[in-house]
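Take a look at the structure set out below.
Values quoted throughout were computed directly from the atomic coordinates according to the rules given, and no laboratory measurement underlies them. Only a predicted model underlies this, so the values are computations on that prediction, with no experimental measurement involved. Cβ placement follows ideal geometry from the backbone for every residue including glycine, while neighbour counts extend to all protein chains displayed.
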Amino acid sequence: MPVARECDLCGLGCGKHPLEHRVHDSARFFCCLGCMNVYLILWESGAIQPGRSPRDTALFQRSLALGLISNRIDSESSAPRSAPANTEELLLHVSGMWCTSCSWLIEHALSKLPGIARSEASFASDLVKVHYIPQSIPRERILSRITSLGYQAEEYSADSETADAERRDWILRTGLAAFLWINVMSLSLTLYAGYFEQISVSVRRGLPFVLMALATPVVFYCGQPVLRLAWRGLLNRTIRMETLLSLGILAAYGYSVAQAFRGEIHLYFDTATVIVTLVLAGKLIERGAKEKVSRWIAQLHRMMPNKVRLLAAAAERFVSVEALEPGQTFVVKAGERIPSDGLIVAGESHADESLLTGESAPVGKKTGETVVAGSINLDGILHVQATKSAGESTLARIIDLVEKALSSRTDLERTVDRVSRIFVPCVILIALLTFFIPWLTGRTHLAPALMRAITVLVIACPCALGLATPLAITAAFGAASRSGILVRDGRVLETLRRIDAVILDKTGTVTEGRFSLLGFVPCRARQAVSSLAGLANPAGSNVTSDSESDYISANDTLSLLASLERYSEHPLGVAVAESARKRGLALPDVTSVEIHKGRGITGVVEGKSVFAGNRRLAGDLGIRLDDCSMLQVNTWEQEGKTVAFVGYDGELTALAVFGDQIKPDVRELIREFHRRHIQVHLVSGDAHATTQYAASQIGADSFAAEVLPQEKATFVRNLQEGGSTVAMVGDGINDAPALAQADLGIALSSGADIAMQAAAVVIMQGPAHGSLRKMLDVFDLSRLAIRVVRQNLFWAFFYNIIGITLAVTGVLSPIFAAGAMLLSSTSVVANSLRLSRRDFRTISVN
């Protein structure tokens, strides 16, 4: 027995693989890299002295607080610990996972390593996501721990040489096994004939050894992956699917070897070889299915160019895409992929964004418009100024979302995993009873009893059970991605089925979010709305000198407002800045800018304390709103317009009137939600009358107006406390708290990054209308995926129950059991791949 060692710094157990370092010819043992480094620093500084514990030093206490080393109290506590803030994420591709028990074993083994915050392994995609503390455990130790379980692990990349080599190895093993099996079956016919008529003594004695020579490489070379994983499982005290197969294969082979040396002709080499062959064939089919449903990940990676044509000093030169920085200009020629998000500074073209948005129509691009990484420049030459680095682009964000989704696991998957782990030991028990009871009671001979037990082991192998859920969910993710829907977490599919309330944010979700400044009214003039056309060309209008003065005052106020709104990302601010730009107004410098979430913006412009916002901001600033102005404001708001109160130095000087269009597909969307018995609520930070007008136009069940960002989250929480399962749909920064609070957050990709980070589903928006219809595609995706999962689970359980019953009674032989196992896995694969071919477009909006 190895000696259990404690860490010489923190005192925790070092496990089976302690880190050792010699200090003055004395061995010191540590549980993690962090403890070893801290100990060496203390030693070199002279802080470690006889009679003094290193745990009493200031450095130890500080390292403990930062999470650089382990905490004995936390480690011995049974209470769950939250992940440290300074963890890093490692995404691995793991070869050799045969079933969901493999993913459970990897998670279980990694959870015991010091420095691992959490890990998730996905059997369907062969991905393992590990959150770890880099100061406590190096990446190499994580990889070596997975390797010690019998798998091959490497950091994930789109083009994996290891995966290609493994695929070739599988094909070689399967082909060789099939070839030798056919020969074993052919030669076995001679021995079968010996049951009915006499065969020569030389054939009777020599042929069994020929069969043994043919079967041995099948069992120990072709079947080596099965035997290796079974042995590794036993070393880790885990009974796995491979254990069932190995018992069946080795029992048939071992019995036949014994019979051959005894001179008997009742041999089962053909049984052992056919089990290996069909198991390998089944796994090859499963592997192809897993690669097919995960192929879209590689497509996303291939959309990222490795090089970028950088424009510097009027000359072009190729550099690595990782070297591209925001603000640099690069050139994209016809037929090339755009390497990063950016703004077109010269040139016109069309771009293919189909892999990003799911829309096949080319999108026109011209100077001043934006382009996204991964899209294809179809014609013309574009000069693009990068707005983000390649690692932070829209495409990079999409790839990150996809990888997180594939490495996550649903509650249903975890339940099936637990059932599988109980199922395998139960099958072994049934096989043992099937063998011993008839044999010991004399109801059958040794060979028939052994064949029945082997049949039970083979027929009950839970391959189909392990494939049923993860393969279907991965296929659904692929179909959704091709339609422009990104799912961050597999649990979304289960949550969607329970949604009975949907909350829609008004601006940018229900409406276009592209405001236009319809009018800018000086309050001191108390006159009707000044149209932008009239303001733009006062010389051509019949106005009095008072009106001229009012126009100048309006322009001055608009200039102050536009200067301030340059610092806001709100659509109203964008509309003001655009209006000022078109009219050529000079924009002075601004200081002390402060954005009041859900209310407006304030700042100092040319010495004036300027404000712009809703009536709540005006009230907070103590601005007096006269009855005449409020009467006009109420009239505009009842017409669905948005009004901003503008002024400076404590006085209201103007009213800005904005218009926004309701998206054409919203009404059809809400009718469909109602048909599915889902209530729709509208929330907005806009005025009560404006929000009420929008709610009445789209047919919402209720609305909430003048809502601050934190109040949106409260609105969600109130619905949840009332028993509703809530989905929140938004696109702005102020929607992020509500998206995180909701049972399901759905973000539109045209919105803020923080909103997309808080949402579990991201809908990629193209130039055409229809992004809201994708919300219904999300619901249909869930319904179809869960239906396929249930079908798979039903047939997997039905197959096992019927198969085990027939095997125990002796109706099935091992050869038919192996064929039935292959047929079961193939049916689950074929059913799951239906999702890959599905197009989630169910609504037609005219």
What does the extension gain come out to for residue 118 and residue 6, with contour length at 0.36 nm per residue minus their alpha carbon separation?
38.0 nm
Distance in nm between residue 411 and residue 794 label points, each 7 Å along Cα→Cβ, equals 2.2
Residues of type lysines that residue 283 reaches as a straight line, Cα spacing below 29 Å, ignoring anything fewer than 8 places off in the same chain
129, 292, 404
Taking the Cβ-Cβ separation of residue 204 and residue 148 as r and a Förster radius of 35 Å, what is the calculated FRET efficiency to the nearest 0.05?
0.15
Residues in segment 631-667 near a label at residue 688, defined as backbone nitrogen under 20 Å from the 7 Å Cα→Cβ point?
631-645
Given labels modelled 7 Å from the Cα in the Cβ direction, how far is it in nm from residue 220 to residue 445?
2.8
Would you mind getting me the FRET efficiency between residue 334 and residue 516? Use the beta-carbon distance for r and R0 = 35 Å, nearest 0.05.
0.50
Neighbour net charge for residue 573 - beta-carbon separation under 14 angstrom, K R +1, D E -1
0
For a 21 Å ceiling on Cα separation, which of these pairs sit above it: 333/365; 506/663; 641/774; 506/641; 388/582?
641/774; 388/582
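Could you calculate the FRET efficiency of residue 155 with residue 306 from 1/(1 + (r/R0)^6), where r is the beta carbon distance between them and R0 is 22 Å, rounded to 0.05?
According to the calculation, E is roughly 0.80.
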Compute the distance in nm between two label points, each set 7 Å from the Cα along the Cα-to-Cβ direction, one at residue 400 and one at residue 266.
6.6
Quick one: length gained pulling residue 236 to residue 325 fully straight, 0.36 nm per residue minus the C-alpha distance?
27.2 nm
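State the extension gain, in nm to one decimal, for the chain segment bounded by residue 609 and residue 167, taking 0.36 nm per residue of separation less the distance between their alpha-carbons.
Result: 152.2 nm gained on full extension.
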